[in-house]
Amino acid sequence: MSAPVTLPDHRTGTVDSGDVTIFYRHFGAPRSDARHFEAGGGTPMIVLHGQSYFSYDWIEIADELACDPAAGREIIAMDMRGFGSSGWSPSQSYKVQDFAADVLAVADRQGWDRFILAGHSMGGRNATYTASAHPDRVETLILVDYSPTNAKAGSMRVMNASIDMPDSFAGLDAALRYFGLDPATVEARKRARFEAYLGTFDGNYTVSRDSYFREVFRKIRDEGIKPDHGADLWACLGSVACPILAIRGRQSDMFAPETAEKVRATNANVTLVEVEGGHNIPGDNPAGLIAALRPFLADPATRV
C-alpha cells in the first residue's frame, strides 16, 4: 500500500453565487497578515481550471507561486460552477456571464478590488470574458492553452472522451483502469488525484462534473447543435485592455500554431509563450508553466 500523499497546506472556503455555492482553495498569507508583504505582497490571483480538471490540479502550482520570494501573493484556485466541490446549477446557468459572476463573488469575499485572472482551457474562456466585461477588476489576464477556436483533433478527443465516459465506476481501481492507469503500479500522487476527482455516490465513483456538459457535447456530435456560450469570445479577447499572457503547449492538440498567431494579432496586449507539453500544461509540465509565469508576474516591465 502506497504512502499517503502530503499536499501543501492551504485554506478552503465557499461563497454563494447565483444558484450555486462556489468552493475554492486559498494559498498565501492574507493581506491582513504581515507575512503577506514579507512574501512579496503582489496583486492577488484567481485561477480557473479546464473542463476535465478542477482546483485540486492547481494545488502545488498555486502554492509555489504564492510562496515565491520574489513576487509572492495570495492565490485562489476555485472549482467552477458544475465542477468539483462547487454546486451544480439547477437552472443550468453555464454561460460566461454566470462564470464571471462567480469569479467576482470570490474576489468580493476576499475584498479584492483588482486581481490577476488565469484560466486553463475552458477556464480561459471564462477568464477572457471576465477580463473583457470587467476591466476595472482584472489587472492581468493569463490564458493557459486557450484560444476562442479549438483545433479539430483536440476538440474531437475531448468531446468523445466526455460522451463515452461511463456514468459511474464500481470503484477507484476500475476508474483508474478506464483512464489507462494500472492500479498496482500507478503513482501515489496520481491515485490521490483521481480519488479527489471522482465523487462517491451510492458506493460508485463518478466524475465530479454536472452531466449538463456531457449533453452539450452529445448535441454537438449527434445533432450538430453548437452551444451558446453567451458572447463572441474573439471579440472579447480583442477588447481586453489589460496585459495578456497566452501560454501554448508546444504539443497541444487544442491550441494550433496558426491560431496562436491569430490570438497575438487580435490584441496588441498579448505576450505569447510556448512551453513543452500538451493541452494539459499544468499536469504535463508544471515546472515549465511556473517558469513562464514567474517573469510575467514579477516584473511589470515584461508585460506588453
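Brief remarks follow.
- Looking at segment 142-264, the DSSP beta bridges with both ends there are about 60 percent antiparallel.
- Note on the chain: dipole from Cβ charges, positive end direction compared against 23, 181, 298; the farthest Cα belongs to 298.
- Candidates 185, 21, 149, ranked by Gaussian network fluctuation over the chain, Cα under 10 Å, top entry: 185
- At R0 = 30 Å, FRET efficiency that the Cβ-Cβ distance of residue 241 and residue 11 yields, to 0.05: 0.40
- Restricting attention to the chain, lysine pairs at least eight places apart or on different chains and with alpha-carbon atoms under 20 angstrom apart total 5.
- By DSSP, the beta bridges lying fully in the chain are antiparallel in about 40 percent of cases.
- Under 5 Å, built H, 5+ apart or other chain: amide partners of residue 139: 115, 116, 117
- With loop membership from DSSP and a limit of 16 other Cβ atoms within 10 Å, the longest segment of the chain without trypsin sites (Lys or Arg not before Pro) is 115-249.
- Placing pseudo-labels 7 Å out from each Cα toward the beta carbon at residue 219 and residue 156 gives an inter-label distance of 2.3 nm.
- For the residues 112, 58, 88, a GNM of the chain with alpha-carbon springs under 10 Å puts the largest fluctuation on 112.
- Note on residue 182 and residue 212: the model spin-label points, each 7 Å out from Cα along the C-beta direction, lie 4.1 nm apart.
- Cα gyration tensor category, rounded, prolate or oblate, for the chain with a/c compared to 1.5: rounded
- Exposed GluC sites (Glu not before Pro) absent - longest run of the chain, DSSP non-H/G/I/E/B, at most 16 other C-beta within 10 Å: 1-186
- Once you reduce segment 56-107 and segment 228-269 to the center of their Cα atoms, the two points are 20 Å from each other.
- Cα→Cβ-extended label distance, 7 Å offset, between residue 19 and residue 250, nm: 4.6 nm
- Candidates 165, 148, 88 compared by Cα position along the dipole of the chain: farthest toward the positive end lies 148, with charges placed on Cβ.
- In the elastic network of the chain, a GNM with C-alpha springs shorter than 10 Å, the most mobile of 104, 48, 141 is 104.
Bear in mind that the values in this text are calculations on the coordinates, not laboratory data. Remember, predicted model here, so these are calculated numbers, not experimental data. In this analysis, Cβ positions are derived from the backbone assuming ideal geometry, glycine residues included, and neighbour counts consider all displayed protein chains.
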